[in-house]
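Data block below; observations after.
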Amino acid sequence: MALKALSFLSLFFIMNGSPLFAGPVEFAGGDGGSIESAVVIRGAKHESEGISAEHRYLSAHFGSWFLKRQALINQKGRVYDQMEITDQNGNQRSVYFDITDFFAK
């Protein structure tokens with residue numbers, strides 16, 4: 001019975017676009033070290049899915065991380081997230097994401 005309930009809940013979240021089960025979001029662009037080489041997030045249907053994708057990218061590339069500061073930047077008709085993080089080794093860095101495709105959706 002518990003397994004059926006868990007299966008139903010999983011299907012429910014998938015069908016409702018839960019960020020826990022994000023769809024086919026793709027990363028393009030550069031390494032995120034600057035606005036010019038921002039990581040472009042494509043395929044996010046709404047902001048929560050895009051934010052989840054940002055977090056997955058950071059975890060995949062930097063392991064554990066801590067968000068120190070976040071800023072929204074509008075430049076040349078594009079919208080960027082600048083995320084200042086401290087990685088698992090104590091290194092501080094800024095990572096830029098081009099969020100134009102999902103911003104304000």
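Every read-out reported here was derived from the displayed coordinates using simple, explicitly stated rules and does not represent laboratory data. Computed from a prediction, not measured in an experiment: that's the story for all the values here. Because the Cβ atoms are built from the backbone with ideal geometry, glycine has one as well, and the counts that use them run over all protein chains shown.
Quick notes on this one:
- A simple rule links phi to the HN-Hα coupling: the Karplus curve 6.51 cos²θ - 1.76 cosθ + 1.60 with θ = phi - 60°, which for segment 79-87 gives 10, 10, 9, 9, 10, 8, 10, 10, 7 Hz, with x for Gly and Pro.
- Here segment 26-98 is treated with +1 on each Lys and Arg Cβ and -1 on each Asp and Glu Cβ, and its dipole about the Cα centre works out to around 100 debye.
- Under 15 Å, Cβ to Cβ, from GLY63 - net charge with Lys/Arg +1 and Asp/Glu -1: +1
- Considering all different alpha carbon pairs of segment 26-98, the Kirkwood hydrodynamic radius works out to 12.3 Å.
- Amide hydrogen proximity for VAL79: with H placed 1.01 Å from N in the peptide plane, the residues at 5 or more positions away or on another chain lying under 5 Å are ILE99, THR100.
- In nm, spacing of pseudo-spin labels at THR100 and PHE66 (7 Å Cα→C-beta vector): 3.5 nm
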